[in-house]
Amino acid sequence: MRAVNVLVIGVGPHTRLNHLPALAAAQDAGLVGTLTGVDLPHVAGTVVDYGASARHRRMPVVAVEAFPATHSTLPHQVRAVLDGVVARERIGAVVVATEPSVHLPYALWGIERGLPVLLDKPLTVHPGASTDPAAAMAIADDFDTLLNAYRRACQRDPRMVVSVLSQRRWHPAFRTMRELVAEVTEATNCPVTSVQSSHGDGQWRLPDEFVDLRYHGFDRGYGKASHSGYHHFDTVPWLLAAGERPGKEIDEIEVHAACTRPVDSLAQLTVADHERLVPGFAARNPYSSEDLERLTAGFGEVDVFLNVAYRSRGRMMTLANSNLAHSTFSQRGNLHPVMDGLYKGNGRIGQETHIIQQGPFQALHLHVLQTLHDENGIDPTATGGADHIALHVFRNNHLRPDWERHRTLSFADLVRSTGPATVLPTQRSARTRAVTEFFTYLAGGIPRAGLTSDLADHRRASRLMAAAYLSMAHRFTNGRPTTATLDFHPVPATASDRPLAVLGAPR
């Protein structure tokens, strides 16, 4: 194996909390060499400390100028800076972890240059996605743009790879659910017939913070569905695919979205309510209710609830809902945020559930709940916040006596070994495994068939995200509930896709 020098594009709080620890682990494993960061001038010129205290590491950060999110390709001056870093630092791979509205130009630059890309989620998003139907539909178009560039890159170099860091695909609980779905489908020919999913993160954003805190904010015309919704847009179709069989392939989706925006949140808990409930808020807040309504007009979604119909040849195959919310139970009690932009901590408590029904044969209930945090709302345990996780498996043992009627898989039951590595049922451990897999592939340690989250497998997730935003945007523009219907085929396995599927042996 050989270590690869890595360019990390975007070194904000998300990268520092999530990606740098995983990259440090890959350095420890001998898969990653040097790290060089790229960010805007106010961040660049500094050195970012990362890694465990036992091996203190520092990453230099190079400056690039901001450019409009409407650009689908990098401006010449930004490209010149990146090309210079690649040559000077002998870069062999790229991590794209910027604000997602500029994922597309950075990812295209890496792909066109022949650099393997580890792309953060969501793949892309556009300003105004929840208010402008054209911006919403562009999310689906972006996937086609990325895939076409990826195909061309694979024709030039069959070892080229673009992997999407949607870490639930590596999470042992989700992998177990997928295996259980496939097992019952094999025995019964029954697909998944319904899914109920929810995710809440307990972000309590005070009224003035809707305007003044922009990191993972709502001012660009998108919100929760882009902040963390892609995990659900990817995971649910990935689980459903395990239950597809000939004649029961999903080929169309129908999505209806209802969302709250900051103006709705400020009607749920008004400025006056906050002044009464939060000591010191009245003295800090410079905005009246009228100011806030004017300043947040056109902001993105705070919470969004989706009803989704998955169809096969005109027949309803699976009914689903995905409820994605910032406004859920929180432990925040402080006036001033203790971390940048309310991204993590600040009393945020995660709640995630999935209930999967497979006709009369199987039900799966996954519950992941955070319950233990320190005074700043930051989880102090080694489990990454998942201090309660349980997967309940119910099966029809009257039909099949060899099936167990009910069993519960706990944290310990879900721990997995992947060769020398152990993957815990936590988001952090799954993310580390995702990063490790990417660099192991680059080092020739696994074949392409062993990759878990290749870009070509994300067409459905991008279209589900586009349909959700399309429904929101039509509702915003015409004031009426609107359903969005999109084709939902996966990427077809045609001759033009062969560079993505039929490759030579690892180098």
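Quick grid of which residues meet (1) touching a residue at least 40 places away in the same chain (Cβ under 8 Å); (2) under 16 Å from L115 (Cβ atoms):
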position	(1), (2)
D28	no, no
T36	yes, yes
A44	no, no
G51	no, no
R57	no, no
V61	yes, no
P68	no, no
L74	no, yes
Q77	no, no
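Inspect all residues belonging to the stretch 176-184 and state whether any of them is in contact with a Phe, Trp or Tyr (Cβ under 6 Å, 6 or more places away or on another chain) and more than 30 Å from A282 (Cα to Cα). Yes, some residue in the stretch 176-184 is in contact with a Phe, Trp or Tyr (Cβ under 6 Å, 6 or more places away or on another chain) and more than 30 Å from A282 (Cα to Cα). Restricting attention to the stretch 45-59 and to residues that are under 26 Å from the mean Cα position of the chain (by Cα) and surrounded by fewer than 16 Cβ atoms within 10 Å (Cβ to Cβ), the residue that is modelled with the highest pLDDT turns out to be D49. Of the helices (runs of 4 or more DSSP H) that lie entirely inside the stretch 159-244, those containing 1 or more residues that are polar (S, T, N, Q) span 172-188, 224-227, 230-241. Report whether or not L165 is out of contact with any Lys or Arg (no Cβ under 9 Å at 6 or more places or on another chain), under 28 Å from T485 (Cα atoms) and either surrounded by 23 or more Cβ atoms within 10 Å (Cβ to Cβ) or touching a residue at least 24 places away in the same chain (Cβ under 8 Å) (or both). So L165 does not fit the description; no. Is it true that some residue in the stretch 235-242 is out of contact with any His (no Cβ under 7 Å at 6 or more places or on another chain), free of Cβ contacts under 8 Å to residues at least 24 places away in the same chain and within 24 Å of H365 (Cα to Cα)? No, because not a single residue in the stretch 235-242 is out of contact with any His (no Cβ under 7 Å at 6 or more places or on another chain), free of Cβ contacts under 8 Å to residues at least 24 places away in the same chain and within 24 Å of H365 (Cα to Cα). For the stretch 251-271, a residue qualifies if it is within 30 Å of P490 (Cβ to Cβ) and among the charged types (D, E, K, R), and the qualifying residues are D251, E252, E254.
Put simply, of V38, V43 the only residue that is among the β-branched types (V, I, T), farther than 21 Å from R433 by Cα, out of contact with any helix residue (DSSP H, G or I) (no Cβ under 6 Å at 6 or more places or on another chain) and part of a loop (DSSP other than H, G, I, E, B) is V43.
The number of residues in the stretch 70-82 being in a helix (DSSP H, G or I) and either of a type in the set (A, V, I, L, M) or exposed (fewer than 14 other Cβ atoms within 10 Å of the Cβ) (or both) comes to 6. On the given criteria, is N376 crowded, with 22+ Cβ neighbours inside 10 Å, modelled with pLDDT under 90, in a loop (DSSP other than H, G, I, E, B) and of a type outside the set (D, E, K, R)? No.
Here's the yes/no breakdown for (1) in contact with a Gly (Cβ under 9 Å, 6 or more places away or on another chain); (2) more than 11 Å from S163 (Cα to Cα); (3) free of Cβ contacts under 8 Å to residues at least 12 places away in the same chain; (4) in a loop (DSSP other than H, G, I, E, B):
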{"residue": "V95", "(1), (2), (3), (4)": "yes, no, no, no"}
{"residue": "L104", "(1), (2), (3), (4)": "no, yes, no, no"}
{"residue": "W109", "(1), (2), (3), (4)": "no, yes, no, no"}
{"residue": "G114", "(1), (2), (3), (4)": "no, yes, no, yes"}
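Can you tell me how many residues in the stretch 77-117 are touching a helix residue (DSSP H, G or I) at 6+ places or on another chain (Cβ under 8 Å) and aromatic (F, W, Y)? Matching residues across the stretch 77-117 total 1. Taking the stretch 383-489 and the strands (runs of 3 or more DSSP E) fully enclosed by it, the elements with 2 or more residues that are touching a His at 6+ places or on another chain (Cβ under 6 Å) and at pLDDT 95 or above are at 388-395.
Beta carbons closer than 7 Å, at least 6 apart along the sequence or on distinct chains, pair a first residue in the stretch 118-140 that is at pLDDT 95 or above with a second that is charged (D, E, K, R) for L123/D142; T124/D142; P127/R220; S130/E301; A140/R463. Within the stretch 1-20, the set of residues being surrounded by 17 or more Cβ atoms within 10 Å (Cβ to Cβ) and not small (G, A, S) comprises V4, V6, L7, V8, I9, V11, H14, T15, R16, N18, H19, L20.
Yes/no per residue for (1) over 29 Å from E275 (Cβ atoms); (2) of a type in the set (A, V, I, L, M); (3) at pLDDT 90 or above; (4) surrounded by fewer than 22 Cβ atoms within 10 Å (Cβ to Cβ):
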| position | (1), (2), (3), (4) |
| --- | --- |
| T318 | yes, no, yes, no |
| A325 | no, yes, yes, yes |
| R332 | no, no, yes, yes |
| L335 | no, yes, yes, yes |
| P360 | yes, no, yes, yes |
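Here is a yes/no grid of residues against (1) of a type outside the set (A, V, I, L, M); (2) more than 21 Å from P122 (Cβ to Cβ):
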position	(1), (2)
A182	no, yes
V192	no, yes
Q203	yes, no
F210	yes, yes
L213	no, no
G217	yes, no
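With respect to the conditions (1) out of contact with any Pro (no Cβ under 7 Å at 6 or more places or on another chain); (2) over 29 Å from V491 (Cβ atoms); (3) outside any loop (DSSP other than H, G, I, E, B); (4) in contact (Cβ under 8 Å) with a residue 12 or more places away in the chain, H274 falls short on a single one, namely (1).
The values are calculated or read from the model by the stated rules, or taken from the named source; none is laboratory data. What you see is a predicted model; the values in this text were computed from it and never measured. All Cβ positions, even for glycine, are placed from backbone atoms using ideal geometry, and neighbour counts span all protein chains on display.
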